[in-house]
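Visitor: I'd like to ask some things about the structure below.
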């Protein structure tokens, strides 16, 4: 018996938008690294009716990276999408959902992200800094210097690096490295860590405290280092951050 | 540096003329762009 022909649903229909919202919430809720993504465009949608109150939906979504790290408790609607000249990152996702009695549940999702091409950015902004590899030696040196500077000058918990989220390097008119990295508070004070930082452990999940540091380091013509770390405070798992209950590597 | 090649113009295929009165279904997808396209 021929399968039920896919129902026609427009990519801007309210039902498609509701499905896309459920998909994006699932993707952000199950991601463990990087930044939250916002819906930019519904590329395609196909609906397979199983029975009157049970449909399978296949979504192709075009997402854009926001400035909120995945560990941030900030609700997605308050997260700013990175602008084009900040060197945007796009996410392409295929998501399979089930809609039963009007409720969506994600059955599978597959995403891959990629930065916009450097040519596009330099065409519009010749001197804008461009994304650099996270293992670039200047990036690693800047993160190390910034975290050490913060820990040596800030009372309170000694912070450990969780991951480098983003890095950009500008070469003209000055050589500047800009980094963002996620950190976690440890069970040491910054002072106690002076002696033996290796002994400092991440706080247990029921006391965890994560945050994001941003730093910029001028390498030439002058030398300068600016660091700003914002801790989120202890968070209980929410729909925006369910993975917190599974611990963070 | 990697240089983006211009996309060759798609050769205009001989289009089969639609029957008189044919109204193509509204373009259902892709949907609107909420921020910008990269």
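What follows is calculated from the coordinates using simple rules that are stated; it is not laboratory data. Quick caveat, the model's predicted, so the values are computed rather than measured. Here the Cβ is made from the backbone with ideal geometry for all residues, glycine too, and neighbour counts use every protein chain on show.
Visitor: Restricting to Cα atoms and excluding each atom paired with itself, what does the Kirkwood estimate give for chain A in Å? Intermediate values should be presented prior to the final figure.
Guide: Numbers: mean 1/r = 0.0493 Å⁻¹.
One over the average 1/r among Cα pairs gives 20.3 Å for chain A.
Visitor: With springs only between Cα atoms under 10 Å apart, run a GNM on chain A and tell me which of A:221, A:52, A:129 wobbles the most.
Guide: A:52
Visitor: Averaged over peptide A:36-42, how many Cβ atoms belonging to another chain are found within 10 Å of each residue's Cβ?
Guide: Values: counts 0, 0, 2, 3, 8, 9, 6.
Per-residue shielding by partner chains comes out at 4.
Visitor: Can you give the calculated 222 nm mean residue ellipticity of chain A, where each DSSP H run of n ≥ 4 adds -39,500 (n - 2.57) and the sum is split over every residue, rounded to the nearest 500 deg cm²/dmol?
Guide: Numbers: 4 runs with 47 residues, N = 249.
Dividing the helical sum by the residues of chain A leaves -6000 deg cm²/dmol.
Visitor: Return one number: the angle in degrees, 0 to 90 and rounded to the nearest 10, between the long axis of the Cα atoms of helix A:137-153 and the longest principal axis of the Cα atoms of chain A.
Guide: 70
Visitor: Could you give P(r) for the range A:173-213, binned at 10 Å from zero, as whole percent values over all Cα-Cα pairs?
Guide: Percent of pairs per bin, in order: 25, 38, 23, 11, 2.
Visitor: Between A:19, A:193, A:185, which gets the highest mean-square fluctuation from a Gaussian network model of chain A, Cα cutoff 10 Å?
Guide: A:193
Visitor: Turning to a different aspect of this structure: Which angle between 0 and 90 degrees, to the nearest 10, do you get for helix A:14-29 versus the longest principal axis of chain A when only C-alpha atoms count?
Guide: 40
Visitor: On the first, second and third principal axes, largest extent first, how far apart are the outermost C-alpha atoms of the range A:21-63 in Å?
Guide: Ordered largest first, the range A:21-63 gives principal extents of 39, 20, 11 Å.
Visitor: Further question on the same structure: How crowded by other chains is A:10-23, given as the mean number of beta carbons from other chains within 10 Å of each beta carbon? Before the final figure, lay out each step's value.
Guide: Values: counts 5, 6, 5, 2, 0, 0, 3, 1, 0, 0, 1, 0, 0, 0.
That works out to 2 on average.
Visitor: Rg/Rh for the range A:151-192 to two decimals, with Rh computed the Kirkwood way over all alpha-carbon pairs. Kindly include the intermediate steps, with their values, before the conclusion.
Guide: Values: Rg = 14.1 Å, Rh = 12.1 Å.
Ratio of gyration radius to Kirkwood radius: 1.16.
Visitor: Give me P(r) over the range A:72-198, computed from all C-alpha to C-alpha distances, binned every 10 Å, as integer percentages.
Guide: 10, 27, 29, 21, 11, 2
Visitor: Two decimals is fine: what is log10 I(q)/I(0) at q = 0.16, 0.25 Å⁻¹ for the range A:131-224, from a Debye sum with one equal scatterer on every Cα and no solvent?
Guide: Here the Debye-derived log intensity ratios amount to -0.68, -1.22.
Visitor: Take every Cα-Cα distance within the range A:1-123, group them into 5 Å bins from 0 onward, and report for each bin the whole-number percent of pairs it holds.
Guide: Per 5 Å bin, starting at 0, the Cα pair percentages come out as 2, 11, 20, 21, 17, 12, 8, 5, 2, 1, 0, 0.
Visitor: Same structure, new question: Pick out which of A:74, A:186, A:144 has the largest mean-square fluctuation in a Gaussian network model of chain A, springs linking Cα atoms closer than 10 Å.
Guide: A:144
Visitor: Quick one: length gained pulling residue A:234 to residue A:112 fully straight, 0.36 nm per residue minus the C-alpha distance?
Guide: On the way: separation 122, 0.36 × 122 = 43.92 nm, distance 3.02 nm.
Net length gain for the segment: 40.9 nm.
Visitor: A follow-up question, please. Using C-alpha positions alone, give me the convex hull volume of the range A:112-185 per residue in cubic angstrom.
Guide: Details: hull volume 7.9 nm³, N = 74.
Taking only Cα atoms, the range A:112-185 has a hull volume of 106 Å³ per residue.
Visitor: Which whole number in µm²/s is D for the range A:43-110 by Stokes-Einstein, with the Kirkwood Rh taken over Cα pairs at 10 °C and 1.306 mPa s? Intermediate results must be reported in sequence, preceding the final value.
Guide: Values: Rh = 14.0 Å.
It diffuses with D of about 113 µm²/s by this estimate.
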